[in-house]
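Laboratory data are not the source of any read-out in this text; all were calculated from the coordinates shown. Treat the numbers as computed from the prediction; the structure is a model and nothing was measured. Note that each Cβ is placed from the backbone with ideal geometry, even for glycine, and that neighbours are counted across all protein chains shown.
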Amino acid sequence: MKGRTSYKMIIVLALGYAFLFGPIVILIVYSFNASKLVTVWGGFSLKWYGELLKDKGILDAFWNSLRIAFCTAGFATALGTIAGYVMARFGRFRGHTTFASTITAPLVMPEVITGLASLLLFVSMERIIGWPQGRGMLTIWIAHVTFATAFVAIIVSSRLRDMDLSIEEAALDLGAPPLKVFFVITLPIIAPALISGWLLAFTLSLDDLVITSFVAGPGSTTLPMKVFSAARLGISPKINAIGTLIVLIASFFIVSFSIISFKMEKKRKREAQQAFENN
């Protein structure tokens, strides 16, 4: 009976993975298709990767998306870490509910509303103070940081709430200043959460279309906008090629950060075990 249950669970798991990753596998396979039709197999070929390297429009949009995503992930991780620390460690201070609601609002706010609100904000600021001048990479970056910070803050605050406070208290009792305790003890422990937040912010920024469409300007077209525009005229096999490259880049970051997180966690446990044995 137990073996039959395990067999059924394996089947369900396999179907789940097939549903999630099947479309990605199909996209990768058809990126090597010789035919101009994306749904008709015409033999193996690398020509669409060559065509992709000649398409300046797609390449520029791709690099725009990467630059914005990197900058968004870095800044959102810094702001989200601060916000998460405040929500997890500062208790029920005056205005705590308002602060938490403001931070987490982008999680439940429709992207159309967020994009429209961001556009109205930038237009009003330009009219009142003259900044930012027009819409472009800067406005996209600000808008992406706004919603990505919320995701990082939730991840960091959850990790901090699960953290053993006795470690920090012991360091404080031994005379370590609070700032040193944060950088030497707290930050290494929550590092996996920071990495997860960074990856999530990077992915959300790279993938965003709706908000970007509101706040983008001439010369700041991102890859999702380019792909969406091209889809109206028919999907080119070059889109499959750029999609495959993005999957490879994302996989590289995920594997790299997973290895780093595993090594950091293993090192932390080893140091904790050595400290326990020394005492």
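Computed on region 174-279, with alpha-carbon pairs under 8 angstrom and 6+ residues apart, the relative contact order is 37 percent. Gly115 sits among other residues whose Cβ lies under 15 Å from its own Cβ, and their net charge, with Lys and Arg +1 and Asp and Glu -1, is -2. Computed over the alpha-carbon atoms, region 128-279 gives an Rg to Rh ratio of 1.13, Rh here being the Kirkwood radius from the mean inverse distance. Based on the Kirkwood radius over alpha-carbon pairs, what value in µm²/s does the Stokes-Einstein equation return for the translational diffusion coefficient of region 62-188 at 20 °C and 1.002 mPa s? Diffusion coefficient, whole number: 128 µm²/s. Going from the residue with the fewest nearby Cβ atoms within 10 Å to the one with the most, Lys226, Lys8 rank Lys8, Lys226. Counted by neighbouring Cβ atoms within 10 Å, the residues Thr102, Thr149 run from fewest to most as Thr102, Thr149. Looking at region 64-143, the trypsin sites (Lys or Arg not before Pro) that sit in a DSSP loop and have at most 12 other Cβ atoms within 10 Å of their own Cβ are Arg92, Arg94. Under the simplified labelling scheme, the Glu271-Met109 pair shows an inter-label distance of 3.8 nm, with each label point 7 Å from Cα along Cα→Cβ.
Mean-square fluctuations from a GNM of the chain, with a 10 angstrom spring cutoff on Cα atoms, peak among Thr77, Thr203, Thr39 at Thr39. Top mean-square fluctuation among Val86, Val145, Val156, Gaussian network model of the chain, C-alpha springs under 10 Å? Top of the fluctuation ranking is Val86. Entry note: the chain has Rg to Rh equal to 1.05, where both radii use alpha-carbon atoms and Rh is the Kirkwood radius.
So how do Ile26, Ile140, Ile68, Ile242 line up by other beta-carbon neighbours within 10 Å, fewest first? Ordered by Cβ neighbours within 10 Å, fewest first: Ile26, Ile242, Ile68, Ile140. Between Leu187 and Thr39, residue separation times 0.36 nm minus the direct Cα-Cα distance comes to 48.4 nm. Just to be sure I follow the definition: excluding the sites themselves, where is the longest run in the chain that has none of the chymotrypsin sites (Phe, Trp or Tyr not before Pro) in a DSSP loop with at most 15 other Cβ atoms within 10 Å? Longest gap between qualifying sites, sites excluded: 94-279. In this Cβ point-charge picture (+1 for Lys and Arg, -1 for Asp and Glu), the chain has a dipole of about 540 debye about its Cα centre.
Region 173-237 and region 104-131 have Cα centres lying 18 Å from one another.
When each full DSSP H helix of the chain is screened for a Cα extent of at least 30 Å along its own axis and an average Kyte-Doolittle hydropathy of at least 1.0, the helices passing are 2-30, 137-162. Contact order, relative form, for region 56-278: 33 percent (alpha carbon pairs under 8 Å, 6 or more residues apart, mean separation divided by residue count). Prolate is the label for region 76-127. Its Cα gyration tensor axes, ordered a ≥ b ≥ c, give a/c of at least 1.5 and a/b above b/c.
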